Structure formats: C-alpha cells, structure tokens
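Have a look at the structure below, then the notes.
The values are calculated or read from the model by the stated rules, or taken from the named source; none is laboratory data. Just so you know, these numbers come straight off a predicted model, no measurement behind them. Heads up, the Cβs are rebuilt from the backbone with ideal geometry, glycines too, and the neighbour counts pull from every protein chain shown. The area values use the complete protein model at the heavy-atom level, side chains included, leaving out ligands, DNA and RNA. Shrake-Rupley method; radii C 1.70, N 1.55, O 1.52, S 1.80 Å.
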Amino acid sequence: MRIPPGVSSRLPFQRKLLLAFAAVLLPVLVLLGTDIVSDTRSTQEALLEAQSLTAHAVAVQITESLDAAVDLGWAVANDPLVLSLDPLLLDQHLRRLSRRSSRINSIGVYDAQGLNRGWGDPEAPAEPRLRIADRPYFQQVMRTNAPVVSEVLALRRPDRTAIIISVPIRNTQELPLGVVNVVMETELLAERSLP
C-alpha cells in the first residue's frame, strides 16, 4: 500500500500511547478478572465448608439431646413409682424430675390405652387428663415395644411445637404397660444449637 505524499507513515504519539496502554492493560485486566473469579470460587467453597461443618455440629448436638432424652425415658420407665401408674404419686414426682433437667420441658406417663396417668410439666396442670391413643408415636411404641422419636408436633397443651421421645414402660414379662413421653420443645432445641 502506498502512502500519499504529505502523510506521515508514523502514528501520532497519542495513538501510540493508547495502543501501548491497551497492550499492557488488557492482559492485566484479564488476569485481574481471572483472579476475582478464582477468589469468588474459593470464598464460596470456604463458606460451603463452614456451613457443612456447622450443620454437622448442630446434628451432633441434636442427636446427643435425643439420646439423653431416650436415656431419661428409660430411667423414668423403670422407676417403681412410674410402674404404679398412680396419678396421685406421679404428678408431683414427674414435676420434680422435669425441673431438674434443663434439656427437656416435661415428662408424661400414659397407660396402655393412652390415658395420662402422670404429668410433669411445671407450668401446665395435669387435669384434664390427655388421651394420646390416636397419636402415631404412641401406637408405634405399643406395637414395637421400643423407643420412638416423633416428628415435630403441635402440642395440645401447652400450645407449642415439640419433639416427643416415647419409651415403653414394661412389666416383668417385658410387655408394654404404657409409655413415658419426654417432651423437648423445638424452641429449646434451637436455643441449644444457636451458639
């Protein structure tokens, strides 16, 4: 290509400066963009790892709480006063037991027909006596003769949500006479998990 006379073959200084700037700045911008994307991915992976560890820690705490509630249920189920199924003896006894534990809200004892025979909620009266024969966790304990952890339930009294750990009360032939319900309100479980 032929350059017309009077036109310099040289680029003006400003254009050369812009081209040099673009030639140096473009690779730097590409590297910077790649670094930002990489940092974002690393941050996301670190956050996901932290959330996974937190979820695992909460699961361990809840499992520990449920295991402790099952152990408490077995201890109460083997208590000679509980085996009597006498409401006159059980209400006060269960209230004292409920007050001693910060992990649970209340303890209830029910006979084989699902009628409450002892109620240990320090804040709620025992009367009128509840009947839980229609509850799936009660039916499962009576059928399997083994502890059961309920799904999250809306309680009839008090008006809250909770998980109920049901443990069979067994006679000398190891047959179920009724159940012990250890009540753990979901609010209490959440409070233990927040820290």
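Assorted remarks:
- Positions within region 37-51 being open to solvent by 80 Å² or more (accessible area, probe 1.4 Å), more than 26 Å from the chain's Cα centre (by Cα) and hydrophobic (A, V, I, L, M, F, W, C), in sequence order: none
Rundown of residues vs (1) at pLDDT 90 or above; (2) surrounded by 13 or more Cβ atoms within 10 Å (Cβ to Cβ); (3) not in a helix (DSSP H, G or I), yes/no style:
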| residue | (1), (2), (3) |
| --- | --- |
| 118 | no, yes, yes |
| 127 | no, no, yes |
| 134 | yes, no, yes |
| 139 | yes, yes, no |
| 146 | yes, no, yes |
| 156 | no, no, yes |
| 166 | yes, yes, yes |
| 169 | yes, yes, yes |
| 181 | yes, yes, yes |
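- Taking the listed residues 34, 63, the one that is surrounded by 10 or more Cβ atoms within 10 Å (Cβ to Cβ), more than 24 Å from the chain's Cα centre (by Cα) and of a type in the set (S, T, N, Q) is 34, with no other qualifying.
- Options 18, 89: the member that is in a helix (DSSP H, G or I), in contact with a helix residue (DSSP H, G or I) (Cβ under 9 Å, 6 or more places away or on another chain) and either open to solvent by 80 Å² or more (accessible area, probe 1.4 Å) or modelled with pLDDT under 75 (or both): 89
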